[in-house]
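Step one of this worksheet: look at the structure below.
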Amino acid sequence: MKIWCFCLCFTREEEDDREELGEEDKGEAMAENVFRDKDDPVGRIKNEEEPEQLGFAGNGRGLDEQLRLFEDDAVAIRDGAAHWEGAAHAGSLFSWFGSSRGSEGEASSASATGGVEDRGHDYHHKRFKAHSDSHDYHFPTSVASNAGNSRSSAERVYHFSQGSSIPPENQLFYHSLTMTDGGDENPSESSDGKDDGDEIGSLKTEDFEVRMDLTDDLLHMVFSFLDHINLCQAARVCRQWRGASAHDDFWRCLNFENRNISIEQFEDMCRRYPNATEVNISGAPSIHLLVMKAVSSLRNLEVLTLGRGQLGDTFFHALADCYLLTRLNVNDATLGNGIQEILINHDGLRHLQLTKCRVMRVSVRCPQLETMSLKRSNMAQAVLNCPLLNELDIGACHKLSDAAVRSAVTSCSQLESLDMSNCSCVSDETLREIALTCPNLHFLNASYCPNISLESVRLPMLTVLRLHSCEGITSASMAAISHSYMLEVLELDNCNLLTSVSLDLPHLKCIRLVHCRKFADLNLRSTTLSTIMVSNCPVHRINITSNSLQKLALQKQESLTTLTLQCQTLQEVDLTDCESLTNSICEVFSDGGGCPMLKSLVLDNCESLTAVRFCSASLFSLSLVGCRAITALELTCPYLEQVCLDGCDHLERASFCPSLNLGICPKLNVLSIEAPHMVLLELKGCGVLSDASINCPLLTSLDASFCSQLKDDCLSATSASCPLIESLILMSCPSIGSDGLYSLRCLPHLTVLDLSYTFLLNLQPVFDSCLQLKVLKLQACKYLADSSLEPLYKGGALPSLQELDLSYGTLCQSAIEELLACCTHLTHVSLNGCVNMHDLNWGYGGGQISELPSIYTSFSTFSADNNHELIEQANRLLQNLNCVGCLNIRKVFIPPAARCFHLSSLNLSLSSNLKEVDLACFNLCFLNLSNCCSLEILKLECPRLTSLFLQSCNIDEVAVEAAISKCSMLETLDVRFCPKVCSMSMGRLRLACPSLKRIFSSLSPS
């Protein structure tokens, strides 16, 4: 089979260029455009023959005529199959292939095959391609050969993939021509220019897919995010991706960590990517042989990572040949045979890491080395000749003697960072020599070095000092530390012999003192101190002076008795569980005490406090939770927003000037508040409060829940001094009577009143005094008579009332029915737990509910216009009705005649005797019938219902299916623990209501 691929492109610019060229120039330009060599980056076809051999005329006139003919055919292809058929019969296009090819036919075929290969390089064009998914047009014709080639008269079938033209602004047109052998077809059967069974006239040009090849630059950007495994997978997609994925940029780092790679495979990778700069063969088998191959093959190697194996001495000798190597990382390896000296000599190495290595002696001669780590290596001696080394880590090198550490460190005069933690042999003498030979040392970690005490050690340039678990560090060591005037970070954790710290360091920013078992006194003076960590230390006295400290946490300092602060920027203090703090702490945090910007103070569980008095112009939040010994509290803090007094069981007298929440103060009986800016006051839980003087002219909300001793005179005084109150909560205030309620006429803005759990007998004072009331809560007011609500539904009292809560009351059925029938302005009604309510039947009401025309008796005939008309006619504004736990309700019937067109939520859960529910509520969205275990009949005509809860109901699945079939917008259905609804029938429920999105059912199939 021989394949020819021609992809011709016409652009607006090329057409303009041809107009400017002469006849001869145009011919040459066209030939050069179409037949380019492989070396041409935008070539389309590889062909070794001259254009004349493919039928291009040698003179300009002939070539120009051929070009015009080809353009006409291209237009015909673009304009439709009918035009193309005529052009095909005319043979204008095939005249390009009709010329003699002589004895070179086979060679030209091979060239054509090369052209096919060149299509794989089409990504160099970075142009659009037009492809047809399903329309391949077959045009048989014979190609004559003057040379008498045995295959010259064979039938060739040309498959033309119908091209598409790009929009006129691009002026691009692409056409692909593919020639395949005709096989054994009879030429006469296809001589009419049509393929078997195909009608050219019926060909269509729709359903074309236009796609754009990814450019090399874009592919390079995408592939830069892939690892090597994904790059190899991408290389299998196509030739373009294979070439792009093999770019050297992606293979600079050869990572074979923990991979079972053979020497032959590694050698092949090194040969493929000789420009690799980083190699990681940690955990690979035979790392010595692999690394020797890497050192000999990769001359651009810059980073080498090895580990978990044995490295011979020859490797370290061969390192000198890697001139560009800058970083060598060796982890968990045996160097040499483990008992010989290893010499590392490299002129360009800058970073060396030998961690957890087994070797007797290491000698490093690297004049450019900057950082070196020998951490956890098992060596007895390290000889360093690294004049530029500035960072050295010899932590946990237990076999290094004091002399070995001294010799290694003092040979590096430019050292700036030294980690010698867990080097148990290090002494003060070594530190003194290090201080003399390394004047630029900034970082020192000498943790777990039990023999150092810093006696006579002077490190003036030190900025970070870590001395964790140094048993020799005592209070005398602070004299040496005080000479490090540049010190910024000091860590003294687990220094068990340390008893006191007294430092005056101008640059100190952070200090840590954790688990210092004998520590008792802390005295710090630093203008830049910003972080203090003191934990689990038996500290008695703390004196801190700082201009940068903003947050101080000294939790669980049970022995702390004295705290002195001079911190101008301190804003938050937490002294939780500081049980020994006395009343003198109040002076520290009051005005003039040294913390002028303090905003938050936490003194929880400070059980030694008895009388607290704060006067602060900056304090916003105060917490005294669990301070059980406090009996008196006086706060003069005009900007205080929150006070927490939970657990102050013995508080008897309190005076405030903030906005506050007193929490639960069971022994508070006297309260005096003078707060001209207070807007919110919560006294709930002050069960014995009997004398309250509240003078807050801007107060809008008062919550006195469970203040059982508050009497009418206190309520009258508060109403007179706080005329702007809008919300008044008097729940569980049984001492409030009619006189106190009549005083509420002084509150013209009162809209929320809660009198739940009181012993009220008459509501007339409320009806007379609270004319603007919108919310009235009367839960569990069991002494109210059935006639107490008559002014609401007969006298028109409280015309602005919207929400009424009568839960757990004793009103009779008739009173509830009249209330629901006549108070049509109510929007939220709660009747939870009303044991005297038997039925909720709005189908008849003794003439109280006016009937609607019969046309509105069913929602099945509703339209949007009808619904709008009904809502306009409706005089019932009820939106939310709660009847939870009404045990005696047996039937709920709400027909359209009830005019509940605004009802959107109905909750009847826990009504265990409810048997029948029949609802026709157009706007009902939420219905809860959970735990109505007697429910048997459910009829719903609620087209806007979205959530239906039937959890633990005894209803069968047929009734459920019939009910939800008329709920066209239902999305959530809960039928969990319904014994008669099988989880296997969920499909039937979805068929009954296609709008269902979520069905919650039990896992049991039966």
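The values are calculated or read from the model by the stated rules, or taken from the named source; none is laboratory data. Note that the coordinates shown come from a computational prediction; the quantities given were computed from them, not determined experimentally. Using ideal geometry, Cβ is built from the backbone for each residue, glycine included, and neighbour counts are taken over all protein chains shown. Protein only, heavy atoms only, side chains kept; ligands, DNA and RNA dropped before computing areas. Shrake-Rupley method; radii C 1.70, N 1.55, O 1.52, S 1.80 Å.
Per-structure values
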item: Among (1) under 28 Å from residue 823 (Cβ atoms); (2) in a loop (DSSP other than H, G, I, E, B); (3) over 43 Å from the mean Cα position of the chain (by Cα), the one test that residue 939 misses; result: (2)
item: Pairs with Cβ under 7 Å, 6+ apart, first in the stretch 415-428 and over 14 Å from residue 402 (Cα atoms), second of a type in the set (Phe, Trp, Tyr); result: 416/443; 417/443; 418/443
item: Within the stretch 476-486, considering residues that are in contact with an Asp or Glu (Cβ under 8 Å, 6 or more places away or on another chain) and part of a loop (DSSP other than H, G, I, E, B), the one farthest from residue 545 (Cα to Cα); result: 476
item: Search result, residues across the stretch 339-364 that are of a type in the set (A, V, I, L, M) and part of a strand (DSSP E or B); result: 342, 343, 344, 352, 354, 362, 364
item: Residue selected from the stretch 964-988 under the condition at pLDDT 90 or above and touching a helix residue (DSSP H, G or I) at 6+ places or on another chain (Cβ under 6 Å), by the criterion nearest to residue 940 (Cα to Cα); result: 964
item: Residues satisfying the stated conditions in the stretch 452-475, i.e. part of a loop (DSSP other than H, G, I, E, B), of a type outside the set (D, E, K, R) and under 20 Å from residue 437 (Cβ atoms); result: 452, 454, 456, 457, 459, 460, 461, 462, 463
item: Residue in the stretch 749-759 that is under 17 Å from residue 819 (Cα atoms), modelled with pLDDT of 90 or more and in contact with a strand residue (DSSP E or B) (Cβ under 9 Å, 6 or more places away or on another chain) present; result: no
item: Residue match in the stretch 221-236 (condition: more than 34 Å from the chain's Cα centre (by Cα), at pLDDT 90 or above and either open to solvent by 20 Å² or more (accessible area, probe 1.4 Å) or among the β-branched types (Val, Ile, Thr) (or both)); result: yes
item: Within the stretch 618-659, considering residues that are under 14 Å from residue 591 (Cβ atoms) and among the hydroxyl-bearing types (Ser, Thr, Tyr), the one least open to solvent (accessible area, probe 1.4 Å); result: 618
item: Condition met for residue 476 (small (Gly, Ala, Ser) and surrounded by fewer than 19 Cβ atoms within 10 Å (Cβ to Cβ)); result: yes
item: Selected residue (criterion: nearest to residue 955 (Cα to Cα)) from residues of the stretch 906-918 that are touching a strand residue (DSSP E or B) at 6+ places or on another chain (Cβ under 6 Å) and open to solvent by less than 20 Å² (accessible area, probe 1.4 Å); result: 917
item: Of all residues making up the stretch 503-555, the number that are among the polar types (S, T, N, Q), surrounded by 18 or more Cβ atoms within 10 Å (Cβ to Cβ) and within 15 Å of residue 481 (Cβ to Cβ); result: 1
item: Residues located in the stretch 724-772, provided they are closer than 18 Å to residue 809 by Cβ, open to solvent by less than 30 Å² (accessible area, probe 1.4 Å) and in contact with a Phe, Trp or Tyr (Cβ under 6 Å, 6 or more places away or on another chain); result: 732
item: Residue 668 vs. criteria of a type in the set (A, V, I, L, M) and at pLDDT below 85; result: yes
item: For residue 961: the one exception among (1) closer than 25 Å to residue 883 by Cβ; (2) at pLDDT 90 or above; (3) surrounded by fewer than 18 Cβ atoms within 10 Å (Cβ to Cβ); result: (1)
item: Test: residue 490 is at pLDDT 95 or above, open to solvent by less than 20 Å² (accessible area, probe 1.4 Å) and aliphatic (A, V, I, L, M); result: yes
item: Test: residue in the stretch 240-254 that is open to solvent by 50 Å² or more (accessible area, probe 1.4 Å), closer than 25 Å to residue 315 by Cβ and touching a residue at least 24 places away in the same chain (Cβ under 8 Å); result: yes
item: Residues of the stretch 487-538 satisfying the condition of being part of a loop (DSSP other than H, G, I, E, B), within 41 Å of the chain's Cα centre (by Cα) and aliphatic (A, V, I, L, M); result: 487, 492, 508, 529
item: Total residues in the stretch 684-723, condition assigned to a loop (DSSP other than H, G, I, E, B), within 13 Å of residue 746 (Cβ to Cβ) and either open to solvent by less than 20 Å² (accessible area, probe 1.4 Å) or in contact with a Lys or Arg (Cβ under 8 Å, 6 or more places away or on another chain) (or both); result: 2
item: Residue count, the stretch 365-380 (criterion: closer than 14 Å to residue 330 by Cα and either over 47 Å from the mean Cα position of the chain (by Cα) or not polar (S, T, N, Q) (or both)); result: 4
item: Boolean, residue 467 is crowded, with 16+ Cβ neighbours inside 10 Å, within 40 Å of the chain's Cα centre (by Cα), under 21 Å from residue 504 (Cβ atoms) and among the hydrophobic types (A, V, I, L, M, F, W, C); result: yes
item: Filter result (among the aliphatic types (A, V, I, L, M) and within 45 Å of the chain's Cα centre (by Cα)) within the stretch 881-934; result: 881, 884, 903, 906, 908, 910, 919, 920, 924, 927, 929
item: Positions within the stretch 539-588 being in a loop (DSSP other than H, G, I, E, B), in contact with a Cys (Cβ under 6 Å, 6 or more places away or on another chain) and in contact (Cβ under 8 Å) with a residue 24 or more places away in the chain, in sequence order; result: 570, 578, 581
item: Residues of the stretch 367-418 that turn out to be assigned to a helix (DSSP H, G or I), touching a helix residue (DSSP H, G or I) at 6+ places or on another chain (Cβ under 9 Å) and hydroxyl-bearing (Ser, Thr, Tyr), as a count; result: 1
item: Total residues in the stretch 277-331, condition assigned to a loop (DSSP other than H, G, I, E, B) and of a type outside the set (A, V, I, L, M); result: 12
item: Test result for residue 500, surrounded by fewer than 19 Cβ atoms within 10 Å (Cβ to Cβ) and closer than 17 Å to residue 419 by Cβ; result: no
